[in-house]
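Asker: Just dropping this structure here.
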Amino acid sequence: VQLQASGGGLVQSGGSLGLSCAASGSIFSINDMDWYRQAPGKQRELVATITGGGSTNYTDSVKGRFTISRDNAKNTVSLQMNVLKPEDTAVYYCSARRLGFQYWGQGTQVTVSS
């Protein structure tokens with residue numbers, strides 16, 4: 001499974017950004033898809049998960065602001081980020097889980113200026 005992330009960039013506090021991640025390769029049997037982020041000097045953290053059936057889960061700090069979605073026909077997962085805060089600044093990574101393995105996309109930088 002190959003994952004290609006796009007989106008990200010620089011935005012002012014309170015603004016919005018969208019991330020997208022396209023899966024290719026052996027994409028059948030992909031179950032959960034996730035977005036993680038890693039801020040400088042911090043561990044990578046799970047931001048949001050969406051199951052194959054469409055159930056979602058978010059870390060507390062982004063609930064009500066971020067929305068994860070997936071398009072199974074296009075094999076993409078997206079993350080809409082609203083009301084962004086400086087503490088959301090990080091490299092964001094998409095992830096897909098399939099048959100016991102976890103696959104990662106390349107990171108995309110999100111920077112929120114105050």
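The values are calculated or read from the model by the stated rules, or taken from the named source; none is laboratory data. Nothing here was measured: the structure is a model prediction, and the numbers come from that model. Methodologically, a virtual Cβ is constructed for each residue, glycine included, from the backbone with ideal geometry; neighbour enumeration extends over all protein chains shown. The area values use the complete protein model at the heavy-atom level, side chains included, leaving out ligands, DNA and RNA. Shrake-Rupley method; radii C 1.70, N 1.55, O 1.52, S 1.80 Å.
Asker: Out of all the residues in region 64-83, is one or more aliphatic (A, V, I, L, M), closer than 18 Å to CYS21 by Cα, open to solvent by 30 Å² or more (accessible area, probe 1.4 Å) and in contact with a strand residue (DSSP E or B) (Cβ under 9 Å, 6 or more places away or on another chain)? If you could, list the steps in order and put the result at the bottom.
Answerer: Going residue by residue through region 64-83, those that are aliphatic (A, V, I, L, M) are 68, 73, 77, 79, 81, 83.
Filter once more, keeping what is closer than 18 Å to CYS21 by Cα: 68, 73, 77, 79, 81.
Retained after the next criterion (residues that are open to solvent by 30 Å² or more (accessible area, probe 1.4 Å)): 73.
From what is left, the residues that are in contact with a strand residue (DSSP E or B) (Cβ under 9 Å, 6 or more places away or on another chain) are none.
No - not one qualifying residue is present in region 64-83.
Asker: In the set SER24, SER20, SER16, which member is closer than 19 Å to SER69 by Cβ, within 11 Å of the chain's Cα centre (by Cα) and of a type in the set (Ser, Thr, Tyr)? Before you say what the answer is, go through the steps one by one.
Answerer: On the way: SER24 fails: within 11 Å of the chain's Cα centre (by Cα); SER16 fails: within 11 Å of the chain's Cα centre (by Cα).
Exactly one residue qualifies, and that residue is SER20.
Asker: Restricting to region 1-29, and then to whatever is β-branched (Val, Ile, Thr) and either surrounded by fewer than 20 Cβ atoms within 10 Å (Cβ to Cβ) or in contact with a Leu (Cβ under 7 Å, 6 or more places away or on another chain) (or both), can you tell me which residue is nearest to VAL83 (Cα to Cα)?
Answerer: Filtering region 1-29 down to residues β-branched (Val, Ile, Thr) leaves 1, 11, 27.
Now drop any that are not either surrounded by fewer than 20 Cβ atoms within 10 Å (Cβ to Cβ) or in contact with a Leu (Cβ under 7 Å, 6 or more places away or on another chain) (or both), which leaves 11, 27.
Numbers: VAL11: 10, ILE27: 32 Å.
Here the residue is VAL11.
Asker: Being without any contact (Cβ under 8 Å) to a residue 12 or more places away in the chain and open to solvent by 70 Å² or more (accessible area, probe 1.4 Å) is the filter; apply it to region 43-63 and report the residue that is farthest from the chain's Cα centre (by Cα).
Answerer: The first filter runs over region 43-63 and keeps only residues without any contact (Cβ under 8 Å) to a residue 12 or more places away in the chain, leaving 43, 53, 55, 57-58, 60, 63.
So of that shortlist, the ones also open to solvent by 70 Å² or more (accessible area, probe 1.4 Å) come out as 43, 53, 55, 57, 60, 63.
Working: GLN43: 16, GLY53: 17, SER55: 15, ASN57: 12, ASP60: 15, LYS63: 14 Å.
Among them, the one singled out is GLY53.
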